[in-house]
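Working notes, structure below.
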Amino acid sequence: MSNPHNAKFISFASPKGGVGKSTTCLAIAGALLAAGKRVRIIDFDQTETINRWYGDSDTAQAIPNLTVEKGPTDNLKDYFDHLWETATDYVLIDLAGSLSDVTIAIASFATLTITPAKVSEPDIIEANKMADKMHRLAARIGKPINHVILLNEVPSSISNDELALITQIDQSNLRRFKTLIHRRSAFSKTFSRGTLPHLAPQQDPKALAEIDAIMLEVGSILEPARQKAAA
Amino acid sequence: MNASKAPIKNLKLGISGTLDAAKEFSDEENIQSFTTPKKGAALSNPQVEETPAATSEGDVAAPGTNVTRLPRPTASVKSGKGPKPAPTKRFSVDLPLYVFDQLHNKVHATRLEKKEIILAALRDGGFTIKDVDIYRKGKANV
Ligand SMILES: Nc1ncnc2c1ncn2[C@@H]1O[C@H](COP(=O)(O)OP(=O)(O)OP(=O)(O)O)[C@@H](O)[C@H]1O
Ligand SMILES: [Mg+2]
């Protein structure tokens with residue numbers, strides 16, 4: 001199933017709050033913008049983290065090729081239908097930290113759904129719940145769903161327990177980005193500074209390298225979808 | 001090809017069919033509804049989309065919003081002198097991308113909000129709109 005303008009929909013979803021959905025959404029937006037892409041962010045979280053970030057910051061509003069808007073709360077089916085038919089370029093969708101019918105609806109048509117999680121048991125359990133839902137949703141709609149876990153806020157020195165947890169993930173059928181996003185001030189500053197790691201006046205090369213590596217992985221997930229659509 | 005377990009009706013679902021199937025899935029799995037107000041919320045109040053007059057960060061180009069139902073500002077809320085802005089209602093419009101780009105550039109050039117630019121243009125087009133409803137406090141009428 002491909003949309004008319006070959007837009008890429010990337011949603012950021014997790015049943016748990018505070019795992020870094022909005023932060024990684026903005027970091028990825030920044031990388032796409034730095035690569036000359038157009039990015040539209042739709043904020044479906046009622047706390048409006050990203051919508052406020054944008055509305056409150058002249059710096060953010062001055063970023064070319066970026067638009068930020070709030071998602072609607074009713075007539076969602078019409079809205080998604082229309083979004084599917086009209087969207088272009090990259091559409092990043094930030095969701096609330098809960099599992100709702102809107103998360104499911106978006107995942108059903110998104111090109112990629114990313115679930116950030118810390119390397120901690122509660123986060124991984126929740127990410128696993130999400131993966132399980134995605135798996136069954138895929139069976140229901142009769143098409144595969146790209147759902148990938150993003151290990152985020154990894155501390156600079158990783159403990160044996162954390163390593164063991166990552167090994168466990170890799171032995172399961174959970175799909176994760178090979179790149180780890182570490183805890184860095186370049187990421188936490190996003191909200192206070194109104195800028196994005198890739199577009200900040202003072203860039204943190206390590207943060208950028210992580211996001212760039214994620215983007216390569218994202219690219220290889222989005223690419224086969226495009227080739228199939230063209231075939 | 002092996003026979004697939006997927007029901008035949010799911011083959012080549014378009015966007016609409018996909019969304020319907022996703023909705024059925026959510027209902028069956030008892031996944032909470034984003035739009036169903038929680039118990040005690042003003043279910044029967046059709047004016048839920050009306051926003052308090054004082055919120056002015058509205059972005060007209062943005063699709064509908066869920067504004068937490070704040071009580072309307074009353075006199076006890078520090079009210080500035082002069083006329084108050086009218087209550088607002090959010091709605092969404094799809095602009096051609098090139099119009100949106102122009103709007104974005106204008107925001108950049110004028111430091112006005114999208115809403116201010118759009119309302120001013122509507123007034124130029126003959127709509128009756130008061131200054132207080134167009135411009136944020138402190139923003140000059142341009
Ligand atoms: N890699 C990181 N390095 C440093 N801080 C981070 C990182 N990722 C997230 N944070 C911080 O963690 C907090 C939660 O992140 P964020 O708001 O992105 O989570 P969320 O999943 O969007 O939360 P919610 O469910 O409430 O929407 C923020 O204060 C953010 O700055
Ligand atoms: Mg968030």
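If you average the sequence gap of Cα pairs under 8 Å that are 6 or more apart and divide by the length of chain A, what percent do you get for the contact order?
Computed value for chain A: 27 percent relative contact order.
Which FRET efficiency, nearest 0.05, do B:Lys89 and A:Thr88 yield, Cβ-Cβ r, R0 41 Å?
It comes out at approximately 0.90.
Tell me which aspartates and glutamates have Cα within less than 20 Å of B:Lys130's Cα, excluding those fewer than 8 residues away on the same chain?
Those aspartates and glutamates meeting the cut-off are B:Glu50, B:Glu57, B:Asp59, B:Glu113, B:Glu116.
For a Förster distance of 35 Å, can you work out the FRET efficiency between the beta-carbons of A:Ser188 and B:Gln102, rounded to the nearest 0.05? Could the numbers behind the result be given before it?
Values: r = 35 Å, r/R0 = 1.00.
Computed FRET efficiency for A:Ser188 and B:Gln102 comes out at 0.50.
What Kirkwood hydrodynamic radius do you get for chain A when you take the inverse of the mean 1/r over all pairs of distinct Cα atoms, in Å?
Numbers: mean 1/r = 0.0559 Å⁻¹.
When all Cα pairs of chain A are included, the Kirkwood radius is 17.9 Å.
Take B:Arg111, project a point 7 Å from its Cα along the Cβ direction, then tell me which residues of region A:57-97 have their backbone nitrogen under 12 Å from it.
Counting only backbone N, you get A:58-59.
By its C-alpha gyration tensor, with a ≥ b ≥ c as the square roots of the eigenvalues, how is region A:40-106 shaped: rounded for a/c under 1.5, else prolate for a/b larger than b/c, else oblate?
Values: a/c = 2.39, a/b = 1.37, b/c = 1.75.
Cα axes put region A:40-106 in the oblate bin.
Extending each Cα 7 Å along its Cβ direction at A:Arg52 and B:Ser16, get the distance between those two points in nm, one decimal.
3.9
Compute log10 of I(q)/I(0) for region B:81-142 with the Debye formula, placing one identical point scatterer on every Cα and leaving out solvent, at q = 0.22, 0.23, 0.24, 0.28 Å⁻¹, to two decimals.
At q = 0.22, 0.23, 0.24, 0.28 Å⁻¹ the computed log10 ratios are -1.04, -1.12, -1.19, -1.38.
Using per-residue counts of other Cβ atoms within 10 Å, averaged over each peptide, order A:45-58, A:166-179 from highest down.
Going by the mean number of other Cβ atoms within 10 Å, highest first, we get A:45-58, A:166-179.
Please compute, over every Cα-Cα pair in region A:26-65, the percentage with a separation greater than 16 angstrom.
Every Cα pair in region A:26-65 considered, those over 16 Å come to 35 percent.
Of A:Phe187, B:Phe91, which has the most accessible area with a 1.4 Å probe, and how do the rest follow in descending order?
Largest accessible area first, the list is B:Phe91, A:Phe187.
When ligands, DNA and RNA are left out and all protein chains stay put, how many square angstrom of accessible area per residue does region B:81-142 have with a 1.4 Å probe?
71
A plus B alone minus the pair: what accessible area, both sides summed, probe 1.4 Å, in Å² to 100?
3600
Contour minus end-to-end for A:Ser156 and A:Glu121, with contour as 0.36 nm per residue of separation and end-to-end as the Cα-Cα distance? It would help to have the intermediate numbers written out before the result.
Working: separation 35, 0.36 × 35 = 12.60 nm, distance 1.81 nm.
In short, 10.8 nm is gained.
Could you state the accessible area per residue of chain A in Å², with a 1.4 Å probe and every protein chain left in place? Before the final figure, lay out the partial values.
On the way: 9640 Å² over 231 residues.
For chain A, the per-residue accessible area is 42 Å².
With 25 Å as the limit, write out which pairs from A:Lys21/A:Lys189; A:Lys70/B:Lys106; A:Lys21/A:Lys206; A:Lys21/A:Lys129; B:Lys23/B:Lys89 have Cα-Cα distances beyond it, or answer none.
Beyond 25 Å between Cα atoms: B:Lys23/B:Lys89.
For chain A, with only Lys/Arg (+1) and Asp/Glu (-1) charged at the beta-carbon, what is the dipole magnitude about the Cα centre, in debye rounded to 20?
In debye, rounded to 20, chain A gives about 420.
Over the Cα atoms of region A:110-231, Rg to Rh with Kirkwood Rh, two decimal places?
Taking Rg over the Kirkwood Rh, I get 1.01.
The values are calculated or read from the model by the stated rules, or taken from the named source; none is laboratory data. Remember, predicted model here, so these are calculated numbers, not experimental data. FYI the Cβ positions are ideal-geometry reconstructions off the backbone, even for glycines, and counts take in every protein chain you see. Just so you know, the surface numbers come from the protein's heavy atoms only, side chains and all, with ligands and any DNA or RNA stripped out. Shrake-Rupley method; radii C 1.70, N 1.55, O 1.52, S 1.80 Å.
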